[in-house]
1. Only one residue in GLN56, GLN18 is at negative phi and either modelled with pLDDT under 95 or under 15 Å from the mean Cα position of the chain (by Cα) (or both). Which one?
2. With the checklist (1) open to solvent by 50 Å² or more (accessible area, probe 1.4 Å); (2) closer than 18 Å to GLY137 by Cα in hand, flag the one item PRO74 doesn't pass.
3. How many residues are among the basic types (Lys, Arg) and in a strand (DSSP E or B) when one looks only at the range 64-79?
4. Just the residues that are surrounded by fewer than 19 Cβ atoms within 10 Å (Cβ to Cβ), in contact with a helix residue (DSSP H, G or I) (Cβ under 7 Å, 6 or more places away or on another chain) and touching a residue at least 40 places away in the same chain (Cβ under 8 Å), please, taken from the range 35-57.
5. Given the conditions (1) modelled with pLDDT of 90 or more; (2) open to solvent by 30 Å² or more (accessible area, probe 1.4 Å), and given that LEU154 satisfies all but one, which numbered condition is not satisfied?
Amino acid sequence: MTAILTVPPALEPVSLAQAHAQLRVSHTHEDDLIERLIKAAREQVETLTRRALIEQEWRLLLDDLPPDRLIRLPVAPVAEVLQVYTYDKEGNQHQVPASDYQVDLAGNPARLRFKAGAVGPLRDLNGIEIDFKAGYGSTATAVPAGLQTAILMLVGFWYERRSMLEETRLTGLMPHGFEAALSPYKVLRI
């Protein structure tokens, strides 16, 4: 199973002004650094929680259909399944009609189950392709405050240690309480 980000978020869940307030910074000469830290912190939060914060599109590639025909989508929350394709032994693409599968968007993780007989023989690699939209919404206000706070914690931690960051000595260091702040939002691996 491979998940690929196909359309990244259009904006960050934390604004530059929010980061300035968190850092107590009133100047603008480090805005490029702060914007990079915001993006890196969002990516870290998304990776650790397996959640998309701002609306984005993903493609899930699977080699084969599981015996129970149930596929768990690896990023939450899923807003919608956009399209599903299969590839036959000759590599021809076939769009799977929505009537041939059921989607559970409320599940954590969201799930998709193919109807019996809906999928024929597949090519050996990446025989199933599922495109889906994930994220809390298209605006920062849709993102839970706890996740925004975690991003700001990480931005502040990295900003205070930016000399270590530039020397690549900061790898793996996280602020105290960061993991606990993310804990309620983590999607469990099954």
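The values are calculated or read from the model by the stated rules, or taken from the named source; none is laboratory data. No experiment lies behind these values; they were computed from the predicted model shown. As a convention, Cβ positions derive from the backbone with ideal geometry for all residues, glycine included, and neighbour counts pool all protein chains shown. We work out accessible area using only protein heavy atoms, side chains counted, and drop any ligands, DNA or RNA first. Shrake-Rupley method; radii C 1.70, N 1.55, O 1.52, S 1.80 Å.
1. Matching residue, one of GLN56, GLN18: GLN56.
2. So the condition that PRO74 fails would be (1).
3. Going through the range 64-79, the residues among the basic types (Lys, Arg) turn out to be 69, 72.
Still in the list and also in a strand (DSSP E or B): 72.
Result for the range 64-79: 1.
4. If the condition is that a residue be surrounded by fewer than 19 Cβ atoms within 10 Å (Cβ to Cβ), in contact with a helix residue (DSSP H, G or I) (Cβ under 7 Å, 6 or more places away or on another chain) and touching a residue at least 40 places away in the same chain (Cβ under 8 Å), then GLN44, LEU48 are the ones that fit.
5. Only one criterion is unmet by LEU154, namely (2).
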